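The values are calculated or read from the model by the stated rules, or taken from the named source; none is laboratory data. Values in this document were obtained by computation on a predicted structure and should not be read as measured data. For neighbour counting, all protein chains shown are included, and Cβ atoms are generated from backbone atoms with ideal geometry for every residue, glycine included. These accessible areas exclude ligands, DNA and RNA; they are computed on the full protein's heavy atoms, side chains included. Shrake-Rupley method; radii C 1.70, N 1.55, O 1.52, S 1.80 Å.
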Amino acid sequence: PYTESGDCFGHSVAISGNTIVVGTPSEDSNVKGVLTGNFSAVSDNSATNSGIVYVYEKNTFVGQWYLHSIFKASNAGESDHFGYSVAIDKDIIAVGAYGEDSYPTFITNTDGKDVFWYTHKENSGAVYVFRKNHKLQWNQDAFIKASNSIENLTFGISVAVDNLNIIVGTHNDRSNFAGVDNTDGSASSDTSNPASGAAYVFTVKPN
């Protein structure tokens, strides 16, 4: 990888089968999207602490690992810390960016290239979902924001994937709700219980 001083390569790691995911949340390049083959673009350092994720796969014929893809956020920005958390199960990878600042409170089921909202909720956080297609290429499949997104929520500070389920943690949720809310979560929008924390569960639609 094109690691440099302070990138924090290996801050988060995950493995599933022959794929290893490595989060590097303090990497500084301003490129966006999924990179394969031309990795030199990440040598740019104009987006401090935007973050990056490296995906390694094992060549089972020769028994060696190689760098398959590099993920950058589709709306990469300074101090997003993309890759602070990573998780993988089979052909689904989830990447948390607790410092992401956009304002939406919904899921964008696209590659995320249109996520350029300029009204900020500082450190509200986001999770990016990537899936491998039939050509064995990784693509961004969704951009997830909390349904009760607020400033400093740190949504995505932790993530987990199992089968088609994605769980997202935030240690700074402030609602006073207790228990399980089997809805979209928008009911838990008050801020009367600082740093109480929450976990959000999402289900990926099958291909």
Task: Percentage relative contact order, the chain, counting C-alpha pairs under 8 Å, at least six apart - done: 15 percent
Open item on the list: List the residues, sorted by chain then number, that are 5 or more residues from ALA73 or on another chain and whose placed amide H is less than 5 Å from its amide H.
Closed with: GLY33
- [ ] Using a 1.4 Å probe over the heavy atoms of the protein chains, calculate the carbon and sulfur portion of the accessible area of the chain as a whole percent.
- [x] 50 percent
Task: Cα lying deepest toward the dipole's positive end in the chain, options ASN38, PHE61, HIS171, charges on Cβ - done: PHE61
Open item on the list: If I stretch the segment between VAL62 and ASN163 completely, what's the gain in nm (0.36 nm per residue apart, minus their alpha carbon distance), one decimal?
Closed with: 33.5 nm
Open item on the list: Can you give me the distance in nm between label points at ASN133 and GLU78, each placed 7 Å from the Cα along the Cα-to-Cβ direction?
Closed with: 3.5 nm
TODO: Sorted from largest down, give the three principal axis spans of the alpha carbons of region 1-147, whole angstrom values.
DONE: 49, 33, 23
- [ ] Sort region 1-48 into rounded, prolate or oblate with this rule: let a ≥ b ≥ c be the square roots of the eigenvalues of the Cα gyration tensor; rounded if a/c is under 1.5, and if a/c is not under 1.5, prolate when a/b is larger than b/c, oblate otherwise.
- [x] oblate
- [ ] Between the alpha-carbon centers of region 1-48 and region 140-159, tell me the distance in whole angstrom.
- [x] 20 Å
TODO: Using only the C-alpha atoms of region 130-172, find the volume of their convex hull and express it per residue in Å³.
DONE: 87 Å³
Open item on the list: Given a 1.4 angstrom probe, what's the average accessible area per residue across region 1-86, in square angstrom?
Closed with: 44 Å²
- [ ] Please give every one of the lysines within straight-line cross-link reach of LYS132, meaning a C-alpha to C-alpha distance under 17 Å, and leave out same-chain neighbours fewer than 8 residues apart.
- [x] LYS58, LYS72, LYS90, LYS205
Open item on the list: Calculate the FRET efficiency for SER43 and THR105 from the Cβ-Cβ distance with a Förster distance of 35 Å, rounded to the nearest 0.05.
Closed with: 0.50
